[in-house]
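The values are calculated or read from the model by the stated rules, or taken from the named source; none is laboratory data. None of the values given here were measured: they were computed from a predicted structure. Backbone-built Cβ (ideal geometry, glycine too); neighbour counts: all protein chains shown. For accessibility, only protein heavy atoms count, side chains too; no ligands or nucleic acids. Shrake-Rupley method; radii C 1.70, N 1.55, O 1.52, S 1.80 Å.
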Amino acid sequence: MTKLKKILKIYKPFTKAGLQSAMAYRTNFTFFVIGESLYCFVLYFIWKAVFASGGSNTFMGFSITDITVYVFLSNIVKFLIDTDSTVSMAEEIKDGSIIMRMIKPVNIDHSLLTFELGNKIMMIFCIFLPVMLGLEIYRYVILGKIAFNIFSFLLFSLSVVLGYLLSFYLNLIFGYLAFFLLNIWGFSILKGAILNFLSGATIPLAFFPGAVRAVLEQLPFASLVYAPTMIYMGKLSTNQILFTLLKQIIWLIVFVLISDFIWIKAQKRLEVQGG
Amino acid sequence: MIKVENVKKDFKKVVKDQGVKGSIKSLFNRKYEIVHAVDDISFNVDKGEILGFIGANGAGKSTTIKMLTGILTPTEGNVEINGKIPTKNRKEYVKEIGVVFGQRTQLWWDLPLVETFSVLKEIYNVDDDAFKKRMCFLNEVLELDAFIKSPVRTLSLGQRMRADLAASMIHSPKVLFLDEPTIGLDVAVKNNIRQAITQINEQEDTTIILTTHDLNDIETLCQRIVMIDKGKLIYDGTLANMKGQFGNFREVNMSLENSDEIDKLNFLDTFKLKKKDISINKTKEKVSISFNQDKLSIADMLEYLLKNTNIKDISVNDVNIEEIVCRMYGKEVSVND
Amino acid sequence: MRFFRIYKIFVAQKIKMLMEYRVDFLTGATSFLITQLTNLVFIGIIFGQIPHLNGFLFQEIIFIYGFSLMSKGLDHLLTDNFWKLAYFVVRKGDFDKYLTRPIDPLVHVIIENIEFDALGEFVTGIVLFIISSRKLKLHFGPLDILLLIIAVIFGAMIFTAIKILGASIAFWIQRSGSILQIFYGTSDFARYPTTIYNAFVKNLITYVIPFAFTSYYPAVYFLRGENPLFNIGGVVVAAVILLLISICVWNRGLSAYESAGS
């Protein structure tokens, strides 16, 4: 317990600094979120047209209400689990300023994580909660009853945290890879496109043809967006939820191990490069 | 050649309180304040003159240079160079000037240097013959040959500065603005650059305006200096005059057997000095004393020190510009950056 | 012609760089290609369930989509420098350089860079356009080809104008990358028939940020042959008006530029 307290004390300044920098760049941040959310509306209108053209009330077990909630919620989850500290880390490794992190008596991934936590706190209060409220009101108006389930919400929160940690370490690995390329920007666009697609942020994985779907659901990307969103929407049975969370944990352990391994390799390379 | 009349430049700055609370507060209520970066400055420069433009960081040097080069429009006042107003007819005006900002480059990072010059040739519309001659001249003065085929990103800082100087002169400008052209360079390269600047000034009668923090730049290059502080012009004249006007200071740096020895000495009474004529800075390893040469000669000072302390090492230096600026405002002199 | 000579130097260098950093170019181009492919799979999955989307067949949607990529890709290829301006050139004070040169800063910014990554979009667009027109058995006469070229070029100009506008804002607020992102992001709406949107979105992408003229309107002319005056003429009118506005804002921005960074 005292050890935990001590850790909290060491990393509290990072979280605070993260929160402050999120505040400082809030205008930029707000615009970024608006820009990224526009596509949700494109998707929403497409689905509306699809339901109108298809003449059926459900589509792969999703009603129009379901799909609307899915489109917006998955996009928010995408923001929550997104992490950019790793890209900046790749750049830091490249220009050597990573040394400034290495000389401090803190763990590098932990300092990045706690810094970003500040950012996420701001995001939860400024974006996630308002949008969630909006979606619940929308569901209430359409369905005529409160669809919110506190139990699902708690499991969802747990799943988002796991998804975020998974995304963090996955991105860390991407960051290390980008280190070997000059075109970090092109690489991160590529990464974004692949992640968006495989994580279910563009289209629910349930809509893919049977065999493809089965594969995609087992991949780590599904744990990022698809899993938490489906839990929130109550689309999974208790067994499925437990299985999903277990998958997230296993993938998380795998990625932590891989990133540790690469970090050790990268450190060696850093010594060679540093003059 | 260059006329600057009552020029002012104001900027609007957002005022922020500190901390998370401050950030939240400024979310709802943004406060602005007007900063007078340049406040009513006037001076003239003649053709062929090299003018040193000095002042502490943030004094308004760069802002003034940027107004002279047409990058910024003055809030008030007039700038006229060669009969042209920089911000009006900017395209015509910039053909007559060359600009080097020491802290950033105007070269294309990924292009080989020689390609940068061919791009600039087209941009400034220099014809083939003139370009050939020009490159010969610049090559001679700045010795570009060794690295002209290399991409700019692979050049050393000194090479890059020489290349930047050449790039700013490809179109034979009448006026050259050099903003800290020797920043970050080592002594040999600095001398090299200074020689080149002198040569260009002498051979082509180019008017040069130079900002710098390095007193040696000023001493080797400038006939005249203009000094500004907090946006106001506080001196316009020769360097020698300025030293006289604001006290001709020298600095003795030494290491003693024991730094505390210096405390036993009494300069004020021994030499009948006033407090502002001398300041002593003591650390464990080093003692530095700056003093007014007009009140106390270097010989007397050295004699007194040698007699009364056990000196391991000693040197006498010029006081740098920052220190003179500080002194002019009666502030305590701190160790320079 | 001196612009052409300058441009030639930059393009030649860029090509040399491509050869040297092939992997980076491939990453860039592939990333745009993959982004487009994922969207196509999305469309494919949808059409697995429905016969048509608001009266448009699968191949017709692909045709519109391909069209949108052609004008977007063309602009992306030629004027990518505005992103740099919006994100950091102005903020770092590096814009000074353009102001001390005797050519128009706007022209200077454009000719300084060519972005071959955009080929990932442009070529995908052309391929989709050709494949879908074959499948739809569309016939293009000489006049149609002329109109097509006009529509694509002026469509690209709409993108350029929007980018100039977005980048200009940086002159006032230092960093306008994410605002430009919002403007630019609205072009996603234009990849699908405007008939699927509500009146607000439809008016927005027709009259305010007229991206619908970069794809849907001209594409639907080639599909249905209706209303050339609006569908093709609109592209030209929208591009010219928007470009005039954006140049105006750009010029005002230049005088507001504060050249940050001491």
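A few notes on this one:
- Of all beta bridges that DSSP places with both ends in the protein assembly as shown, some 70 percent have antiparallel geometry.
- Where only C-alpha atoms are counted, convex hull volume of chain A per residue in Å³: 154
- Counting DSSP beta bridges with both ends in chain B, the antiparallel % (nearest 5): 70
- Chain C, relative contact order [Cα under 8 Å, separation at least 6], %: 26
- Per DSSP, loop GluC sites (Glu not before Pro) in region B:227-318 with at most 11 further Cβ within 10 Å: B:GLU257, B:GLU285
- Accessible surface of chain C, 1.4 Å probe, proportion on carbon and sulfur as whole %: 70
- For chain B, leaving out every one of the trypsin sites (Lys or Arg not before Pro) that falls in a DSSP loop and has at most 11 other Cβ atoms within 10 Å, the longest unbroken run is B:150-271.
- Pairs from B:LYS8/B:LYS47; A:LYS48/C:LYS72; A:LYS16/C:LYS84; B:LYS286/B:LYS307 whose Cα-Cα separation, in the structure shown, is over 28 Å: A:LYS16/C:LYS84
- Only Lys, Arg (+1) and Asp, Glu (-1) charged, at Cβ; region C:63-214 dipole about Cα centre in debye: 300
- Here the simple spin-label model places points 7 Å from the Cα toward Cβ, and for B:ASN44 and B:LYS88 these points are separated by 2.1 nm.
- Paramagnetic label reach from C:LYS84 (point 7 Å along Cα→Cβ; backbone nitrogen cut-off under 17 Å): within region C:26-41, residues C:28.
- Stretch gain in nm, segment B:ALA299-B:GLN195, where the contour uses 0.36 nm per residue and the Cα spacing is subtracted: 34.2 nm
- Computed from the Cα positions only, the extents of region C:103-262 along the three principal axes stand at 62, 36, 24 Å, in decreasing order.
- Region A:2-274, accessible area per residue, ligands and nucleic acids excluded (1.4 Å, Å²): 48
- Here's the list of aspartates and glutamates a cross-link from B:LYS274 could span, going by alpha-carbon distance under 14 Å and ignoring same-chain residues fewer than 8 apart: B:ASP294.
- Considering only C:ILE162, C:ALA199, C:LEU128, the residue lying farthest towards the positive end of the dipole of region C:2-256 is C:ILE162, judged by Cα position with unit charges set on Cβ.
- Amide H within-cut-off set for B:GLY98, under 5 Å, with H built and near neighbours excluded: B:VAL175, B:LEU176, B:PHE177
- Per residue value of the accessible surface for region C:2-256 (all protein chains in place, 1.4 Å probe), Å²: 39
- All lysines inside 16 Å of B:LYS91 as judged from Cα atoms, apart from same-chain residues fewer than 8 positions distant: B:LYS66, B:LYS121, B:LYS174, C:LYS97
- When shorter helices are ignored and each DSSP H run of at least 4 residues is given -39500 (n - 2.57), the per-residue value for chain B at 222 nm works out to -10500 deg cm²/dmol.
- Prolate/oblate/rounded call for region B:2-243, Cα gyration tensor, a/c under 1.5 rounded: prolate
- Cα gyration tensor, region B:248-318 - rounded (a/c under 1.5), prolate or oblate: prolate
- Residue range of chain C that is longest and free of trypsin sites (Lys or Arg not before Pro) which are both DSSP loop and sparsely packed (at most 16 other C-beta within 10 Å): C:138-262
- Label point of B:GLU5 set 7 angstrom out along Cα-Cβ; within region B:67-98, amide nitrogens under 16 Å from it belong to B:74-88.
- Modelled spin labels at B:ASN258 and A:ALA52, positioned 7 Å past Cα toward Cβ, are 9.5 nm from each other.
- Helical contribution to [θ] at 222 nm, DSSP H n ≥ 4, -39,500 (n - 2.57), averaged over chain A, rounded to 500: -26000 deg cm²/dmol
- The protein assembly as shown - convex hull of alpha carbons, volume per residue in Å³: 211
- When accessible surface is computed with a 1.4 Å probe, chains A and C are found to bury approximately 3200 Å² between them, both chains counted.
- Between C:VAL41 and C:VAL107, the simple spin-label model (points 7 angstrom out along Cα→Cβ) gives 4.6 nm.
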